[in-house]
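A.B. asks: After the structure tokens below, expect a handful of questions from me.
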Amino acid sequence: MASSNESSNSEKSDLASFLRELVSQQKEQRKRDERLAQEQRERDERLAQEQRERDERLAQAQVKMFEGFINQQRERDERLANQLQEMREDSRNILKRLDRVDETPKPQRLFSPPPPFDISGK
């Protein structure tokens with residue numbers, strides 16, 4: 001009976017050892033899983049921050065490009081407005097000259113033109 005008890009105690013001890021080892025391994029696995037999850041969260045956070053920074057730089061570049069386009073359009077519009085103003089001034093000057101030409105007296109003819117030549121002989 002003693003050997004049966006010793007055998008039973010040995011089995012219990014082996015089982016207890018096995019269970020302690022299993023619990024210890026599970027704790028270690030949980031720690032590894034938590035560390036990996038934390039690393040993954042940090043990696044995800046870093047990647048998200050990098051993406052936000054890239055998006056911000058892209059948005060800033062698009063704004064600068066759009067501002068450049070607007071400035072080009074504004075400069076073009078100003079040039080066209082200046083050209084239009086110059087054309088209006090030129091037109092006014094031409095009209096003034098034409099008015100002055102109309103106001104100038106026409107030279108008087110000293111002689112009237114001869115009557116048309118009649119070839120019919122009448």
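A.B. asks: Run the numbers for residue 46 and residue 67: contour at 0.36 nm per residue of separation, minus the present Cα-Cα distance, in nm.
C.D. replies: Result: 4.4 nm gained on full extension.
A.B. asks: Further question on the same structure: Using the Cβ atoms and a cut-off under 11 Å, what net charge is assigned to the surroundings of residue 37, where Lys and Arg are +1 and Asp and Glu are -1?
C.D. replies: +1
A.B. asks: Now for a separate question. Can you give the percent of C-alpha pairs in region 30-78 whose distance is more than 12 Å?
C.D. replies: 73 percent
A.B. asks: Computed FRET efficiency, Cβ-Cβ of residue 7 and residue 29, R0 25 Å: what is it to the nearest 0.05?
C.D. replies: Working from the Cβ atoms, E equals 0.20.
Just so you know, all these numbers are worked out from the coordinates, no wet-lab data involved. Nothing here was measured: the structure is a model prediction, and the numbers come from that model. Please note: Cβ atoms are built from the backbone with ideal geometry, for glycine as well, and neighbour counts cover all protein chains shown.
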